[in-house]
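Student: Input: one structure, supplied below.
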Amino acid sequence: MRIVSLLPSATEIVCAIGLGDELVGITHECDYPPEVVGKPVMTRSVHDLAGASSRDIHRLVTATVHGGSSLYALDEAALAAAEPDLILTQELCRVCAVSYRQVNEVARAIDADITVVSLEPTSIEGILHTITTVGSMTEAEDAAIDLVESLRARLGAVGQAVEARRDAGGRSPRVVALEWLDPPFTAGHWVPEQIRQAGGWELLGDAGEPSRQTTWDAVAEVDPEMLLLLPCGFHLKETLHEWSGTRRPPGWADFTAVRRGHVFALDGSAYFSRPGPRVIDGIELLAEIFDPDAFVDVAPFGSWTPVED
């Protein structure tokens, strides 16, 4: 089967179930696993965002989406040359991928027999279901089921340790996770669930709901014990760079998380933004932050770091 993935998360899923060799097209943002580098690229960014600040990117995204456009362009010639049997994409968010309608129209023009599948998980269970869906669409159901079972086993191991801590009198840290920095956005979709599964208590984000704009006053009002910086699409190095240029809000030094040295920068792109297998790595990463005595070296190397202000 010839597979084109128009989502970094779908690319990760396809490779995780052993179908990397059948992947004939990816997006310009697909950077994992490393073996996908060099495969034909089907998309490009409409805007040059290199060096743009969080505030500038937010303004551009807002204007683009409100104008009914997409941030990404589809290379129709490259898609036709790939001769796909299956295209994996999504239709909910114009910020995250090429327009679903455009993909459908181009696919129909190339070959009416091309299957276009929209993947729309909003929860951890939905992500696991997405993996089995991709497996069923690619005749790799056994591999997909095996992968899901291994991910559930890892989830279970984290859950047992978290429960043991609670039984011993431990408490859940009060957390605020920010999926954008300027302006600040709360965590959404599966991220609050990741925090809960890892043993934390997310104060502002709503599980299953989109991330939404908030204010530093709202963060100050709930006064979290831990503040997690995991901007959507940013790897750790990019997060640190962006945070270094972000103006601190009034009263910053009085935040409990700041006073305790519990402000953390995370690799949002790899472990939180993409609804694929590595969301489980994200849960393990969070568990290590929340309870470093119980979870030793379970986070991927270089995936998080304390932020000193």
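The values are calculated or read from the model by the stated rules, or taken from the named source; none is laboratory data. Worth saying up front: this structure is predicted, and the values here are computed from it rather than measured. Glycine gets a Cβ as well: all are built from the backbone with ideal geometry, and neighbour counts include every protein chain shown. Side chains are part of the model used for accessible areas, which takes the heavy atoms of the whole protein and leaves out ligands, DNA and RNA. Shrake-Rupley method; radii C 1.70, N 1.55, O 1.52, S 1.80 Å.
Student: Return the residue satisfying two criteria in turn: it lies in region 1-28 and is touching a residue at least 12 places away in the same chain (Cβ under 8 Å) and surrounded by fewer than 19 Cβ atoms within 10 Å (Cβ to Cβ), and of such residues it is farthest from VAL98 (Cα to Cα).
Tutor: GLY18
Student: State which residue is most open to solvent (accessible area, probe 1.4 Å) when the search covers only region 100-121 and only residues that are within 29 Å of PHE272 (Cβ to Cβ) and in a loop (DSSP other than H, G, I, E, B).
Tutor: Ranking the candidates gives GLU120 first.
Student: Which of the residues spanning region 5-56 are within 22 Å of LEU119 (Cα to Cα) and among the β-branched types (Val, Ile, Thr)?
Tutor: THR11, ILE13, VAL14, ILE17, VAL24, ILE26, THR27, VAL36, VAL41, THR43
Student: If you don't mind, there's one more thing I want to ask. Quick one: which residue in PRO231, PRO249 is over 21 Å from ASP267 (Cα atoms) and of a type outside the set (A, V, I, L, M)?
Tutor: PRO249
Student: On the basis of being at pLDDT below 95 and crowded, with 17+ Cβ neighbours inside 10 Å, does ALA50 make the cut?
Tutor: Criteria not met by ALA50.
Student: Taking into account only those residues within region 253-286 that are among the small types (Gly, Ala, Ser) and within 20 Å of the chain's Cα centre (by Cα), which is nearest to GLU225 (Cα to Cα)?
Tutor: So the residue we want is ALA265.
Student: Out of the residues in region 162-177 that are out of contact with any Lys or Arg (no Cβ under 8 Å at 6 or more places or on another chain) and surrounded by 17 or more Cβ atoms within 10 Å (Cβ to Cβ), which is nearest to GLY199 (Cα to Cα)?
Tutor: VAL162
Student: While we're here: Tell me the residue from VAL219, VAL191 that is of a type in the set (A, V, I, L, M), crowded, with 20+ Cβ neighbours inside 10 Å and more than 15 Å from the chain's Cα centre (by Cα), please.
Tutor: Checking each option against the conditions leaves just VAL219.
Student: Just to be sure, is GLU139 within 27 Å of GLN90 (Cβ to Cβ), open to solvent by 60 Å² or more (accessible area, probe 1.4 Å) and over 24 Å from the mean Cα position of the chain (by Cα)?
Tutor: yes
Student: Determine the pairs where a residue that is of a type in the set (Val, Ile, Thr), located within region 88-115, has a partner that is open to solvent by 60 Å² or more (accessible area, probe 1.4 Å) and at pLDDT 85 or above with Cβ atoms under 6 Å apart, the partner being 6 or more residues away or on another chain.
Tutor: That search, which allows pairs on different chains as well, returns VAL106/GLU76.
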